[in-house]
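Some notes on the structure that comes next.
Computed from the coordinates by the stated procedures, all read-outs in this text should not be read as laboratory data. In this text, all values refer to a predicted model and were calculated from it rather than measured experimentally. Don't worry about glycine lacking a Cβ; one is built from the backbone with ideal geometry, like all the others, and counts go over all protein chains shown.
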């Protein structure tokens with residue numbers, strides 16, 4: 001399915017924003033930023049995040065132009081004390097994506113193939129091999145980074161603390 005935008009035809013995609021932890025003062029700013037990207041108000045249901053006192057979590061399913069996950073990540077990435085993930089499903093003409101963000105690690109991005117596998121570009125694999133050959137790191141450490149393991153390790157506690165939370169669908173207005 002395609003949606004018409006101002007001067008071009010964009011491929012429609014969908015995904016989910018998982019806000020794992022955000023201070024209460026940041027919640028309305030997150031809603032505003034995500035709504036600005038998608039073109040519709042984002043009014044998620046916030047619930048306390050038991051993994052970190054004083055923070056809140058929310059899940060938001062969205063539909064919008066392909067590349068919306070990258071735009072959402074760009075809109076949220078600079079905020080301290082925020083942990084989130086954004087996924088975007090592949091379409092007939094685009095690959096899927098997964099973005100993870102933590103204050104300590106920054107942004108992790110992975111291309112997701114048709115069957116849900118992480119697809120690692122060959123230049124990133126070559127760079128990991130070169131770093132290993134130079135003695136800067138171990139191959140295991142570099143592969144872990146390519147797969148997003150440090151981000152998964154940090155976010156795992158927050159993911160489990162949020163199981164069973166409600167999800168709200170958003171659709172981009174075009």
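When the chain is treated as a GNM, springs tying every alpha-carbon pair under 10 Å, which of 92, 51, 65 comes out with the largest mean-square fluctuation? Answer for the Gaussian network model of the chain: 92.
The structure shown yields Rg and Dmax of the Cα atoms in Å, and of the options [x] 17.1, 51; [y] 14.7, 43; [z] 16.4, 51 that calculated value carries the label [x].
Placing a pseudo-label 7 Å from each Cα along the Cα-to-Cβ vector at residue 149 and residue 12 gives an inter-label distance of 4.0 nm.
Can you tell me which of 127-135, 21-29 comes out highest on packing, and rank the rest after it, using the mean Cβ neighbours within 10 Å? Before the final figure, lay out each step's value.
Working: 127-135: 12.2, 21-29: 15.7.
Taking the mean over residues of other Cβ atoms within 10 Å, the ranking is 21-29, 127-135.
Comparing 143, 112, 30 in a Gaussian network model of the chain where C-alpha atoms under 10 Å apart are linked, the largest mean-square fluctuation is found at 143.
A straight line joining the Cα centroids of segment 134-164 and segment 71-113 runs 14 Å.
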